[in-house]
Amino acid sequence: MSAVVTVSDLVVSYRMEAGDVFAVDGVDLTIAPGERVGIVGESGSGKSTLGMAIGRLLAPNARFVRGDIRIGGQAILSCTATELRQVRRDRLGFVYQNPMSALDPTMRVGGQVALAIGGRPGMADIEALLGRVGLPDPARAAGSFPHELSGGMAQRVVIALAIARNPAVLIADEPTASLDASIQGVILDLLASLRDSTGASLVILSHDLRMVANRCDRLLVMYGGRVIESGPSRRVFRDPRHPYTRALIKAAAGNEGPDGVLEPIPGVPPVLRSESRNCAFAERCEFAQARCRQERPAAQDVDGCVVTCHFAAEGLVRTRPSSVTLA
Ligand SMILES: Nc1ncnc2c1ncn2[C@@H]1O[C@H](COP(=O)(O)OP(=O)(O)OP(=O)(O)O)[C@@H](O)[C@H]1O
Ligand SMILES: [Mg+2]
């Protein structure tokens, strides 16, 4: 089946007074119909820039330096404003971190859902949509103003708005970051379950590898604006091949050592001033060699996964077993 989204060699920078910052540094991404893809990485790795670039929803100082983005075959970077509005409305759905800022505080939920569906939907259509996202009393939700809802309920409404026109792709950027811990898993489960009822592909952007690994078919790990590893979620999570993926898993809650302490990744992520000419992770990598600081690694196919490391094929990462269990 043909891809829903194709991103090829995408490079995106932001204009800053102190010089450009390169946020996406040559990303290739293909999303199949109905596929659930998790994009993970530390803060600043370029997740949101990649996700928003798909809808050309970047900040005004962003610049597409190079590359191609296609949604259902349509070239997004050369769309007219009218075509772009249509693509966003009919093919894409976005869910953001803070549901309250995505909703209009002055309009009842039912009115906002009606606008999202378009045309003149009846109350039954509005309530059916609110029921699909698990709101227990759709009629009551429809009559409420956003501030009358809990954070979890409000995020369900945002998800309802996002799926109202049966998008081909749903892009959720840290969709649970502003919610109570108790509701985070529930909202992620809801997003993951929508694939079955809508057929839409799902892209979840998150710093929480574990949360996403459980709900996605495929994981992409980003570092310094590049995808440094991608493959089936379970494989990436249980048998990481890139030193950064391994370090990220070791640093995640649930992988505390025997003393109850997590092993943080030493150092800080880079801020790129140009397209990288070496491995952006080299400074922090326990396996780094001279070549890593001199030569940009290419993406390599390793056992059905893609790993952007000079030493991917040698299985270097696996030669030094982790001191903690990768659950
Ligand atoms: N509007 C902007 N202007 C300038 N630089 C920006 C802008 N937006 C993002 N950046 C920079 O681009 C890089 C990638 O940022 P991005 O927000 O895409 O990362 P992220 O992985 O989504 O991070 P987070 O987990 O914090 O959301 C960072 O260095 C960030 O500071
Ligand atoms: Mg982000």
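Data overview
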item: Counted residues, the stretch 135-174 - those being open to solvent by less than 30 Å² (accessible area, probe 1.4 Å) and polar (S, T, N, Q); result: 2
item: Residue within the stretch 18-41 that is more than 17 Å from the chain's Cα centre (by Cα), outside any strand (DSSP E or B) and either surrounded by 17 or more Cβ atoms within 10 Å (Cβ to Cβ) or away from ligand 1 (no atom under 14 Å from the Cβ) (or both) present; result: no
item: Selection from the stretch 42-67 of residues that are more than 14 Å from ligand 2 (Cβ to nearest atom) and part of a loop (DSSP other than H, G, I, E, B); result: G55, R56, P60, N61
item: Elements of type helices (runs of 4 or more DSSP H) in the stretch 217-327, at least 2 residues being more than 22 Å from the chain's Cα centre (by Cα) and farther than 29 Å from G67 by Cβ; result: 316-319
item: Tally of residues being open to solvent by 20 Å² or more (accessible area, probe 1.4 Å) and polar (S, T, N, Q) across the stretch 269-285; result: 2
item: Enumeration of residues in the stretch 53-74 that are open to solvent by 40 Å² or more (accessible area, probe 1.4 Å), touching a residue at least 12 places away in the same chain (Cβ under 8 Å) and within 12 Å of ligand 1 (Cβ to nearest atom); result: L57, A59, N61, R63
item: Among the residues listed as V261, V236, the single one being surrounded by 22 or more Cβ atoms within 10 Å (Cβ to Cβ) and of a type in the set (A, V, I, L, M, F, W, C); result: V236
item: Residue satisfying all of: in the stretch 172-183; of a type outside the set (A, V, I, L, M, F, W, C) and at pLDDT below 95; farthest from ligand 2 (Cβ to nearest atom) among these; result: S182
item: Test for V12: is it at pLDDT 95 or above and under 14 Å from the mean Cα position of the chain (by Cα); result: no
item: Set M222, M211: member being free of Cβ contacts under 8 Å to residues at least 40 places away in the same chain and under 24 Å from V317 (Cα atoms); result: M211
item: Enumeration of residues in the stretch 194-216 that are among the polar types (S, T, N, Q) and either within 13 Å of ligand 2 (Cβ to nearest atom) or part of a strand (DSSP E or B) (or both); result: S201, S206
item: Evaluation of S193 against (1) open to solvent by 50 Å² or more (accessible area, probe 1.4 Å); (2) under 18 Å from E127 (Cβ atoms) (one fails), failing number; result: (2)
item: Among (1) surrounded by fewer than 20 Cβ atoms within 10 Å (Cβ to Cβ); (2) within 16 Å of ligand 2 (Cβ to nearest atom), the one test that R132 misses; result: (2)
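Yes or no, residue by residue, for (1) among the aliphatic types (A, V, I, L, M); (2) open to solvent by 10 Å² or more (accessible area, probe 1.4 Å):
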residue: V227; (1), (2): yes, yes
residue: G231; (1), (2): no, no
residue: T245; (1), (2): no, no
residue: G267; (1), (2): no, yes
residue: V302; (1), (2): yes, yes
residue: V306; (1), (2): yes, yes
residue: H310; (1), (2): no, yes
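Results for (1) part of a helix (DSSP H, G or I); (2) within 16 Å of ligand 1 (Cβ to nearest atom); (3) more than 21 Å from S48 (Cα to Cα), shown as yes or no for each residue.
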site: Q155; (1), (2), (3): yes, no, no
site: N166; (1), (2), (3): no, no, yes
site: L170; (1), (2), (3): no, no, no
site: S178; (1), (2), (3): no, yes, no
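The values are calculated or read from the model by the stated rules, or taken from the named source; none is laboratory data. On a predicted model such as this, the values are computed, not experimentally measured, just so you know. Every residue, glycine as well, gets a Cβ built from its backbone with ideal geometry; the counts of neighbours run over all protein chains shown. Surface accessibility is based on the protein's heavy atoms, side chains included, excluding ligands, DNA and RNA. Shrake-Rupley method; radii C 1.70, N 1.55, O 1.52, S 1.80 Å.
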